[in-house]
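The values are calculated or read from the model by the stated rules, or taken from the named source; none is laboratory data. Computed from a predicted structure; not experimentally measured. Methodologically, a virtual Cβ is constructed for each residue, glycine included, from the backbone with ideal geometry; neighbour enumeration extends over all protein chains shown. Ligands, DNA and RNA are excluded from the accessible area calculation, which covers all protein heavy atoms including side chains. Shrake-Rupley method; radii C 1.70, N 1.55, O 1.52, S 1.80 Å.
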Amino acid sequence: MKRILSGIKPTGQLTLGNYIGALSHFKEYQDDSEPFIFIADLHALTLPIEPEELRKNSRDIAAFYLASGLDPKKATIFLQSAVPAHAELNAIVQNYLYMGELRRMTQFKDKAAKLKETAIGLGLFAYPVLMAADIILYDADEVPVGEDQSQHVELCRELVKRMNHRYGDILRMPKAVVPKVGARIMSLTDPSKKMSKSDPKGDIFLLDDPKAMRKKIMGAKTDMGPTVTLDPLEKPGIHNLLTIYASLDGISLEEATHRFDGYRYGDFKKAVADKLDEVMIPFRKRYDEIVESGSYREVLRDGAKRAIEVAEKTLRRVQEAVGLLVV
Ligand code: AMP
Ligand code: TRP
């Protein structure tokens, strides 16, 4: 069966971008593939974070995974830090990726630019190495992610090529799967910027109450011209709202544009806010129930057991291939 692997790092409150670009797609695989979906908590340590916040965010992501419809009987849901093989494989594969390659990563450049040279942790620089280890460990065929992560998956492919060339075909070649609509949701206040957890202006958070979500949609920056048309360059704000609507409704961008053809902005925004209510209110209710019941704990414990089994096998295979003495 096809293996799927993806993760989200618990660095802040999840946004509508995370939901549309990644989270909402994971369940689509569980009936005909084998998804491994994890909480990238080791990756969350690559920028300073309060211990209590990290713990709360990790729990939240577990609850969000379940609330999004992932079924723990079909998908393996776990914490990255609960599977030691991630760190162990990381220690091996770091030798097959190069400083020059890591320095070129857009995410590293963006994040490092906001820090003093002396405050850039080694982990931030080596972030894609650990991510490659994550992917390789589960022999993943497909990695569903938003667009910003596809460069990291490309680097992982390079690593697989390199190691397979050197040691024979020991690793499965993964590929990034980026959604056709919604791979890059933009900020509502500045549609030239990505909606991101570390940049809260113009974000919709999954834990915002419905009123706050509506207010942000109604206040979203729109463009010149009174009515809705599809024009990513001239109308990036409207394009972003059409993308949000289309993703949440499961239709194409063209269909969404057709549906709102000639609408005035105010009426269109109201329809987007209604759609958001329709999806987010029941999602939030499921999240609350899961957090309240604590059912995510057992899911994570069982998930780790299953993940360890699979990951250990791959780790062993790599250890043997590179010449570590396995006794
Ligand atoms: P992160 O928040 O960086 O852990 O991202 C988790 C997942 O959400 C990754 O697959 C990202 O590519 C995706 N993602 C993050 N922000 C956005 C966005 N604005 N639009 C679409 N996908 C996103
Ligand atoms: N880097 C991803 C992000 O920020 C999270 C992540 C870590 C991930 N390891 C992964 C995603 C492996 C896919 C596969 O969104």
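Find the residue count for segment 206-228, including only residues that are buried (at least 17 other Cβ atoms within 10 Å of the Cβ), away from ligand 1 (no atom under 12 Å from the Cβ) and within 18 Å of residue 248 (Cβ to Cβ).
7
Mind checking which residues of segment 162-191 are among the hydrophobic types (A, V, I, L, M, F, W, C), open to solvent by 10 Å² or more (accessible area, probe 1.4 Å), within 16 Å of ligand 2 (Cβ to nearest atom) and under 30 Å from residue 237 (Cβ atoms)?
Matches in segment 162-191: 176, 177, 178, 183.
Evaluate the following for residue 217: is it among the hydrophobic types (A, V, I, L, M, F, W, C), within 20 Å of residue 19 (Cα to Cα) and modelled with pLDDT of 95 or more? Explain how you work it out, then say what you get.
On the way: among the hydrophobic types (A, V, I, L, M, F, W, C): yes; within 20 Å of residue 19 (Cα to Cα): yes; modelled with pLDDT of 95 or more: yes.
The answer is yes for residue 217.
Of these, 235, 175, which one is modelled with pLDDT under 95 and among the basic types (Lys, Arg)?
Values: 175 fails: modelled with pLDDT under 95.
None of the other options fit; the residue is 235.
Do we have any residue at all in segment 23-37 that's modelled with pLDDT of 95 or more, closer than 23 Å to residue 241 by Cα and away from ligand 2 (no atom under 11 Å from the Cβ)? Show your work before the answer.
We begin by selecting, within segment 23-37, every residue modelled with pLDDT of 95 or more; these are 23-37.
Checking which are closer than 23 Å to residue 241 by Cα leaves us with 23-26.
Going one step further and asking which of them are away from ligand 2 (no atom under 11 Å from the Cβ), we end up with 24-25.
The answer is yes, given that some residue of segment 23-37 is modelled with pLDDT of 95 or more, closer than 23 Å to residue 241 by Cα and away from ligand 2 (no atom under 11 Å from the Cβ).
Answer with yes or no whether residue 231 is open to solvent by less than 90 Å² (accessible area, probe 1.4 Å) and closer than 30 Å to residue 36 by Cα.
Numbers: open to solvent by less than 90 Å² (accessible area, probe 1.4 Å): yes; closer than 30 Å to residue 36 by Cα: no.
Criteria not met by residue 231.
From 92, 77, 135, grab the single residue that is surrounded by 21 or more Cβ atoms within 10 Å (Cβ to Cβ) and assigned to a helix (DSSP H, G or I). Give the derivation first.
Working: 92 fails: surrounded by 21 or more Cβ atoms within 10 Å (Cβ to Cβ); 77 fails: assigned to a helix (DSSP H, G or I).
So the residue among 92, 77, 135 that is surrounded by 21 or more Cβ atoms within 10 Å (Cβ to Cβ) and assigned to a helix (DSSP H, G or I) is 135.
Within segment 255-299, count every residue that is open to solvent by less than 50 Å² (accessible area, probe 1.4 Å), without any contact (Cβ under 8 Å) to a residue 60 or more places away in the chain and under 21 Å from residue 181 (Cβ atoms).
So the answer is 10.
Specify the residue that is most open to solvent (accessible area, probe 1.4 Å); the eligible residues are those in segment 21-74 that are away from ligand 1 (no atom under 16 Å from the Cβ) and touching a strand residue (DSSP E or B) at 6+ places or on another chain (Cβ under 8 Å).
Across segment 21-74, the extreme among qualifying residues is 32.
Mind checking which residues of segment 138-161 are open to solvent by 10 Å² or more (accessible area, probe 1.4 Å), in a helix (DSSP H, G or I) and more than 13 Å from ligand 1 (Cβ to nearest atom)?
Passing the criteria: 154, 155, 157, 158, 161.
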